[in-house]
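Bear in mind these aren't lab numbers, they're just calculated from the coordinates by the rules spelled out. Computed from a predicted model, the values in this text were never measured in an experiment. For neighbour counting, all protein chains shown are included, and Cβ atoms are generated from backbone atoms with ideal geometry for every residue, glycine included.
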Amino acid sequence: MLITCPYCGPRDVIEFTYQGDGNRQRPQPSSQDLDAWNAYVYDRLNPAGDHNEIWQHSGGCRAHLRVVRNTLTHEISSSGFARGDHKAARHRLETKS
Amino acid sequence: MAEYSALSLLKNAFTGNKDWKPAWRKPDPKASYDVIVIGGGGHGLSTAYYLAKEHGITNVAVLEKGWLGSGNVGRNTTAVRSNYLLPSNTRFYEHSMKMWENLSHDLNYNVMFSQRGCLNLAHTPAQFDDYARRGNAMRHLGVDAELMTVAEIKRLVPALDVSGSARFPILGGLMQPRAGSARHDAVAWGYARGADRRGVDIIENCEVTGFLRNGDRITGVSTTRGEIRAKKVALAVAGSTGRVMQLAGIDKMPIESHVLQAFVTESLKPIIDTILTFGMGHFYISQSDKGGLVYGGDLDGYNSYAQRGSLPIVDEVMSEMLALFPGLARVRMLRSWGGVCDMTMDGSPIITTGPLPGMYLNCGWCYGGFKATPASGWCFAWTIAKDEPHDFNAPFTLDRFYRGLVIDDKGQGATPRLH
C-alpha cells in the first residue's frame, strides 16, 4: 500500500503510523460532558468502504495526514495534511457516501 | 447420539461408506423461529448447540452468509489457552478450557484437542518478573502455570536458539501445560452436527441485509433468502459486527475491524511439540498434526474488512520466526491468509443482552476467539435463554467502556491495533 504524503510523495505504508478514525471530535479540555469524552475515547466509525482516517508519516517528515481509504479494497482516494483540510476531507467523504 | 463409534465405522466400511448421513441438513428457512443466530462460525454454532442442549430451545436458525466455517473459525491458528492476568478473563477462559477438555466426548466428534502446552518466552528480567506475576495470578484462581528455566526450555524445544548470542536471548518462560490446540474445522463441523441433530436449522448462503422492527424492538431479519421473524435475534458475526450493527442503525461501536494474517509452512518432521510465543515482538508458532508449522504475528495495523493481508507484516513475522529458530531459514511457506478481527477498546470480548430490545450481542473477540468457542456459545446461550448474563460473562458488557469498568489485560488503553 502506498500513501501519498504532500511533502514526500507516494511512500510505502511501513513509513506511516496509523492513528485511526479521523471523525472523532475531541471535547474542549475544560469540558465536563462525560458522554462527549466517552464518545471521543471509545466510539469509532468502522465502515466497510471509505474510511476517513489519520496517519502520521512517522518514518519521514512526521506530518499528520488525513487519508480517505477504502477498508474493503485498501484503495486510497485522497490524502492531505490533517491540519488544514478537515472540512474538505469530510466534505469529500460526505458527498461520496 | 453416538452416531460415530467403532461399530458404525466397521459397519460402514463393509457397505462401502455409502450410508453415512450428511453431518447437517440443508433446510430452507421457515417463516419464523424462537431464536435466530446470525453467523455460522464457531461461536454462532456453539451458541445454537447450547441453546438446544442446555436450555431446550430447538426452534433456532443459524444464518450464515457464506458456507459453514468460511470465516474466522477456519482462519485462526488454533491455540487454546487460559493464561490471562485479570480475574474476569481468567475465569471465563478457564471455563472454556474445561469445556475443551471434554468437547470431543460431548459432541461425539473428534476435535483433536491436544494439550501440548503453551510457553511464553521471556527475554528480559522485567518480563520474567511479569510472567511470574501472571503465573501467580493464574494459580490463585486454580489455573495451571509453571515458570521454566532456560535449561528446561532447551530440553522441551531443542530447535530453539537459547544461546546468549541470539538476537534476543531467552531468560526463561511461563508455561501453561493444559493449553493446546484443536482442529478448527472439526470444531465447526462438530457443533453444526450436534445442533442440527437437536433440531436447529443451519441455513448457509443466507446473508442478513436488514432488520425487521416493531418500534425499537428487533422482530426478525431480512435476508437474501427472504424475511425471517424471530422472538430473539442474536449476533455472533465477529469481524462483521460493525457492518451488521450499521444495518440496525447503530453507526458507532467501541470496535475497529482489523485484518490478522496467518501462515503455514510445508510439512516437517516433528520439531515443535508445544505452542511457543516470542516475548520481544508478537509471534506465536505451533506444529500441526500434518507437520506444517502454523504461525502468525501482529495485525496489519489499520482498519480493514479485506480477508487478506499486506507484505510488511509477512516480512516482520518471518524475521521474528528466524530470531527464534535460525534453523528454519530454508523452510518454505506454503500458504498465508487473513481474517477480520473485531478489536475492542480494551482487548476483551462483549457477550450481552441488547443493545436494542430483542437483540443479543456476542462480539469483540479480537484475535482470541477460537479458544473461547465453547464458553462463548455456552454463556451466550445462557444470556439469550434467560435474558441475563451468567456470572462468567457478566463483566463483558457493552457499556463497561462508559462506566470505567474496562478489562484491559495488556494495559494498553483504547488503541485496538495494539491489543
All-pairs alpha carbon distance profile, the stretch A:2-96, 10 Å steps from 0, percent: 16, 44, 31, 8, 0
Cα gyration tensor shape for the protein assembly as shown, rounded if a/c is under 1.5, else prolate or oblate: oblate
Alpha carbon Rg of the stretch B:258-389, scaled by the compact-globule rule 2.2 N^0.38 Å: 1.26
Size of electric dipole in the protein assembly as shown: Cβ of Lys, Arg +1 and of Asp, Glu -1, about Cα centre, debye, nearest 20: 620 debye
Signed unit charges on C-beta, dipole axis of the stretch B:225-300, positive-most listed residue B:246, B:287, B:277: B:246
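By counting other Cβ atoms within 10 Å of each Cβ, how are A:37, B:378, B:20 ranked from fewest to most?
If I rank by nearby Cβ atoms, fewest first, I get B:20, A:37, B:378.
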The stretch B:345-404: trypsin sites (Lys or Arg not before Pro) in DSSP coil with no more than 16 other Cβ atoms inside 10 Å: B:403
Summed residue charge, Cβ within 15 Å of residue B:19's Cβ, Lys/Arg positive, Asp/Glu negative: +2
No Cys partner within the rule (Cβ under 4.7 Å), the protein assembly as shown: A:61, B:118, B:206, B:341, B:363, B:366, B:379
Charge dipole of the protein assembly as shown about the Cα centre (unit charges at C-beta), most positive-ward option of B:224, B:56, B:118: B:224
GNM flexibility winner over chain B from B:181, B:165, B:240 (Cα, springs under 10 Å): B:165
Sites excluded, trypsin sites (Lys or Arg not before Pro) in DSSP loops with at most 11 other C-beta within 10 Å, longest stretch of chain A: A:1-61
Cα-centre dipole for chain A with unit charges at Cβ (Lys and Arg positive, Asp and Glu negative), debye to 20: 260 debye
Per-residue Cβ neighbour rank within 10 angstrom, fewest leading, B:325, B:92, B:14, B:396: B:14, B:325, B:396, B:92
Folded to 0 to 90 degrees: helix A:86-96 orientation relative to chain A principal axis, Cα: 80 degrees
Straight-distance crosslink candidates among lysines, where the alpha carbon sits under 30 Å from residue B:231 and sequence neighbours closer than 8 are dropped: B:26, B:30, B:53, B:65, B:252, B:371, B:386
Degrees separating the helix B:42-55 axis from the principal Cα axis of chain B, which is the longest one: 60 degrees
Dipole magnitude (debye, nearest 20) for chain B, charges at Cβ of Lys, Arg, Asp, Glu: 780 debye
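Can you pull out the trypsin sites (Lys or Arg not before Pro) in the stretch B:107-172 whose DSSP state is coil and whose Cβ has at most 13 other Cβ atoms within 10 Å?
Those satisfying the criteria are B:167.
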Sorted by Cβ neighbour density within 10 Å, fewest at the top, the residues B:415, B:277: B:415, B:277
